[in-house]
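Before I ask anything, here is the structure I am working with.
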Amino acid sequence: MKYETVIGLEVHLHLNTRTKAFCACSTEFGSKPNSQTCPVCLGFPGSLPVYNKTALDYAVKVALALNCQVQEYTKFDRKNYYYPDLPKNYQISQYDLPLSLAGFLDIEIDGKIKRIGITRVHMEEDAGKLIHKGNVSLIDLNRAGVPLLEIVSEPDISSPEEAHEYLSCLKSTLEYLEVSDCDMEKGSLRCDANISLRPHGEKKLGVKIELKNMNSFKAVKDALAFEAERQARALDEGETLVQETRLWDDKQGATVTMRTKEGSQDYRYFPEPDLPPFTITKARIEEVRLALPESPKEKRLRFIRDYGLSDYDAKILTSSKKDAIYAEEVLKNFKSEAKKPAVNWLIGPMLSEANARGLSLSGLKVSAHDLCVLIGFVERQEVSNLSAKSVLTEMIDSGKSADVIIKEKNLVQVSDTGQLESVVQEVINANPKSVADFKAGKGNALMFLVGQAMKKSQGKANPKVLQDLFKRRLIDA
Amino acid sequence: MELFKLTAHELQDKIKKGEAAPKEAWCALEERIKSVDNKVNAYVRHSQPVTQNPQFIPIAIKDNICTEGLNTECCSRILEGFKPPYDATVITKIKAANLAVFDLKANMDEFAFGSSTENSCFGPSHNPWNLECVPGGSSGGSAAAVASDQAFWALGSDTGGSIRQPASFCGIVGLKPTYGRVSRYGLVAFASSLDQIGPLTKDVEDSTLLMNIIAGHDANDATSADIPVPDYTKSLINDVKGLKIGIPKEYFVEGIHPEVKKSIEEAINKLKSLGAIIKEVSLPHTEYAVPVYYIVATAEASSNLARFDGVQYGLRVKTDNMIDMYKKTRGAGFGEEAKRRVLLGTFVLSHGYYDAYYLRALKVRTMIKEDFDRVFKECDCIVAPTAPTPAFKIGEKTGDPLSMYLSDIYTISVNLAGIPAISVPCGFTKSGLPVGLQIMAKPFAEEVLFRAAYTYEQNTEWHKQRPKL
């Protein structure tokens, strides 16, 4: 039987505020365990939370960027459950009056725009981390109290691929706001998924399975694909699925049962009495809206308009904000109306160098000016494309500028026919067989002769000029 | 004259005039504690001053207010040995006011759960007026210490009457400030939306002095009010002419002890004779206060007490797995009343019961607050008994939690509404037990309370009586 896949995603995002959500402790990642704690984030008796205003501003930014309606009246609630990484044994979160509701994110699937609804964006605090060693467990509470946003999508996603696209799009939108480093490895962006299947045409939703423990977008996609197949097979065999939470095991490439709904917890939400409800004025919301930076989509459209980029090129260059800023600098520095050569260098050699090194374009530390100098040499046919690529590699490795390397290595192409005449003559004299082959109409022979001449010139001769010289000598003679 | 008998302001005067040295005051107090606390059991810990300061006037501190480096255990086994790494804001303020902080920790009901100070892991405190009776609770140790001249003044906390009711039982002055007037930072929470720290003193003047020190906005407490603090000593005005006082008819019905009723009526007549305008008013939702309170307060308490799990501090019962550690630690660490309230609170917040209990309680709480808003449109303050009875016998109500809960029937509404109220001595029963008069005012109108209480006090002799020990 054919089934329709219904997916909703829950994303947790660390806000990169300097201090935690309810105390003045640092949020710095990777410090000595428990070095960034105080009575408040340790949940000591008598301590009280005070909300971080920067975190609230960031939250409003995210909500607006995701087209949500920011609520004027909002409050915090306590979510009660016991776990040793949660020092108060309740998490300060938001329940029935969240910060924002009813937003959306447009994603592109097979060239078509699909709108994914965002149910809500709400504020909460992160828990600490447990480190299991042998038969003891250690607790690091540096992360406890770091401000988090929960971004909940509507079940509008219909395939693992769409889920992947939604996450990429969401990440890029969030990165543009500069409110989080969105790093899944550091846990600053995490994703849980809900997935159910129903027969095509059926209105009622199937049994929902929650998936956890996916540590990359690819893992999310793989887990969903595995789960869609598992559920389809189960349904085909007439099994009844039970509502449960399953963990993705990256090594096995499979999901395994964590807990079923019967064992699910009652969080006993109630209003957090230590934090009075508060209002965010319409004026404040508008202020934040006006100060929102350009979104990835806006930047892409502007690149197309201002620099004549193709949609494809613009999309690649704007997927990350850092790269986009760098690319724009290069495009501005490139003093020619037609920007295509610069674009080709960015998405060609530059991007492959960046990918090979696991860096961003700007992370290669090649200044926009320097890159344009290098491209200029190629455009003026003073340096061959091949040499230029190796110059780029050396620029990245050594930090030297393009003209210094080109001068040091003496890479400027010789295009002066006077200088090359003698080389051509020497090659003709030394290779009578190839000369005969060429005269007999074998095209390959010319390439061989040019190659020999290139060798003799130590790669500096302009191959085009050499070709012309050979042709003139051998055909005209 | 024996220095320990002085009020804080009397002692301060003597020190200023050079008639007494602070050190002498401490020695006198220490002697007094040595000679009477074996009978009263007001203190759970007492020792030498921890900060040396010539200005000190020792203050007794309820065991649920955090003092840096000094045991703060809420009279619970679960917090055994807990030394907070920080001071409560009120303690910081007391230190800043050049008053030394002593390790003078007063007994209380465990986590402030109770009205008799019998629910303490250190055993009950005794009422200095009759050692067979309770001093009230939960700030019973603070009240008994002040009443038995073992403290010049004391800090307590009031969630449903825990300052006023023991003040009434012990014949002293107890103030529950407006919610948000005094920072709760460092007060181990019972019910966060109801708790307030306040003074227990020998007279009204001391109450104003202590409020001048502890009141005010605190950036560490999001529920503290950013409203300027007046100089409360300016409210020590011996005059109530024209003051409109409401008498709520719902407070004089069935259940009130006849001798208490008589004392209160006499006090009202006294105020009238001093020029106050007395009128009957109605607080129609009074009868719901106790049930609403026991839903809201226990709900919050169940969550506030969740952190006592043996993981970071206090008692830990060692077992071979985490869940068992939670269960056994909490089982061994909490007393019976704490367990009862955590269970009640957990129940009312549970899925399927939340709307019927907690949500409805919040709605009724709003109605109770609106009752007061209405009355304060036509009155400056409300006068009522603090407790329906004088102090009862130790053990008399421990087997009947409901009747224990009812001893807070006149004090609970004030916490639910967030308004301030004070209890001042207004008489004695034939058997020699004190009776307290409660005065309530609208939010941040502590000045009205002080004026009315001071006038009443200055025109009566009740506050001068001391128990014989």
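Can you tell me which residue in region A:52-106 is farthest from the other protein chains (Cβ to nearest Cβ), limited to those that are more than 25 Å from the chain's Cα centre (by Cα), among the aromatic types (Phe, Trp, Tyr) and buried (at least 19 other Cβ atoms within 10 Å of the Cβ)?
Per the stated criteria, the residue is A:76.
Would you mention how many residues in region B:334-363 are part of a helix (DSSP H, G or I) and either within 13 Å of chain A (Cβ to nearest Cβ) or surrounded by fewer than 18 Cβ atoms within 10 Å (Cβ to Cβ) (or both)?
Within region B:334-363, residues that are part of a helix (DSSP H, G or I) and either within 13 Å of chain A (Cβ to nearest Cβ) or surrounded by fewer than 18 Cβ atoms within 10 Å (Cβ to Cβ) (or both) number 19.
Criterion first (of a type outside the set (Phe, Trp, Tyr), part of a strand (DSSP E or B) and assigned by TED's automatic domain parsing to the domain that holds residue A:211) does residue A:91 satisfy it?
yes
A quick yes/no check of all residues on (1) within 30 Å of residue B:306 (Cα to Cα); (2) β-branched (Val, Ile, Thr); (3) touching a residue at least 12 places away in the same chain (Cβ under 8 Å); (4) within 14 Å of chain A (Cβ to nearest Cβ):
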{"site": "B:197", "(1), (2), (3), (4)": "yes, yes, yes, yes"}
{"site": "B:201", "(1), (2), (3), (4)": "no, yes, yes, no"}
{"site": "B:212", "(1), (2), (3), (4)": "no, no, yes, no"}
{"site": "B:224", "(1), (2), (3), (4)": "yes, no, yes, yes"}
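Within region A:298-348, restricting attention to residues that are modelled with pLDDT of 80 or more and of a type in the set (Phe, Trp, Tyr), which residue is surrounded by the fewest Cβ atoms within 10 Å (Cβ to Cβ)?
This residue is A:312.
Right, another one. Considering (1) surrounded by fewer than 16 Cβ atoms within 10 Å (Cβ to Cβ); (2) part of a strand (DSSP E or B); (3) of a type in the set (A, V, I, L, M, F, W, C), say which one residue A:242 fails and leave the rest.
That leaves (2) as the condition not met.
Can you go through B:95, B:39 and tell me which one is within 22 Å of residue A:40 (Cβ to Cβ) and more than 14 Å from chain A (Cβ to nearest Cβ)?
B:95
Go through (1) assigned to a helix (DSSP H, G or I); (2) touching a Ser or Thr at 6+ places or on another chain (Cβ under 6 Å); (3) buried (at least 24 other Cβ atoms within 10 Å of the Cβ) for residue B:60 and report which single condition fails.
(1)
Of the conditions (1) at pLDDT 95 or above; (2) of a type in the set (A, V, I, L, M); (3) part of a loop (DSSP other than H, G, I, E, B), residue B:311 satisfies every one except a single condition; which number is it?
Unmet for residue B:311, out of (1) at pLDDT 95 or above; (2) of a type in the set (A, V, I, L, M); (3) part of a loop (DSSP other than H, G, I, E, B): (1).
Sticking with this one: Of all residues in region B:99-130, which are part of a strand (DSSP E or B) and surrounded by fewer than 23 Cβ atoms within 10 Å (Cβ to Cβ)?
Once the filter is applied, which keeps residues that are part of a strand (DSSP E or B) and surrounded by fewer than 23 Cβ atoms within 10 Å (Cβ to Cβ), region B:99-130 yields B:103, B:130.
Would you point out which residue out of B:267, B:191 is part of a loop (DSSP other than H, G, I, E, B) and either within 19 Å of the chain's Cα centre (by Cα) or aliphatic (A, V, I, L, M) (or both)?
Just a single option satisfies the conditions, and that option is B:191.
In the list A:110, A:106, which residue meets the criterion of being free of Cβ contacts under 8 Å to residues at least 12 places away in the same chain and in the same structural domain as residue A:190 (by TED's automatic domain parsing)?
Every option except A:110 fails the conditions.
Right, next: If you scan region A:275-297, which residues turn out to be assigned to a loop (DSSP other than H, G, I, E, B) and under 17 Å from residue A:98 (Cα atoms)?
Selection gives A:275, A:276, A:277, A:280, A:281.
I'd like to verify a number: residues in region B:300-324 that are touching a residue at least 60 places away in the same chain (Cβ under 8 Å), buried (at least 23 other Cβ atoms within 10 Å of the Cβ) and of a type outside the set (S, T, N, Q), how many?
The number of residues fulfilling the criteria is 4.
Go through the residues of region B:259-279 one by one and say whether even a single one is among the hydrophobic types (A, V, I, L, M, F, W, C), within 30 Å of residue B:186 (Cβ to Cβ) and in contact (Cβ under 8 Å) with a residue 40 or more places away in the chain.
Taking every residue of region B:259-279 in turn, none turns out to be among the hydrophobic types (A, V, I, L, M, F, W, C), within 30 Å of residue B:186 (Cβ to Cβ) and in contact (Cβ under 8 Å) with a residue 40 or more places away in the chain.
Restricting to region A:120-170, name every residue that is over 25 Å from residue A:31 (Cβ atoms) and without any contact (Cβ under 8 Å) to a residue 24 or more places away in the chain.
A:135
Which condition does residue B:187 not pass, out of (1) within 14 Å of another protein chain (Cβ to nearest Cβ); (2) among the hydrophobic types (A, V, I, L, M, F, W, C); (3) surrounded by fewer than 19 Cβ atoms within 10 Å (Cβ to Cβ), if it passes all the others?
Failing condition for residue B:187: (3).
The values are calculated or read from the model by the stated rules, or taken from the named source; none is laboratory data. Computed from a prediction, not measured in an experiment: that's the story for all the values here. Please note: Cβ atoms are built from the backbone with ideal geometry, for glycine as well, and neighbour counts cover all protein chains shown.
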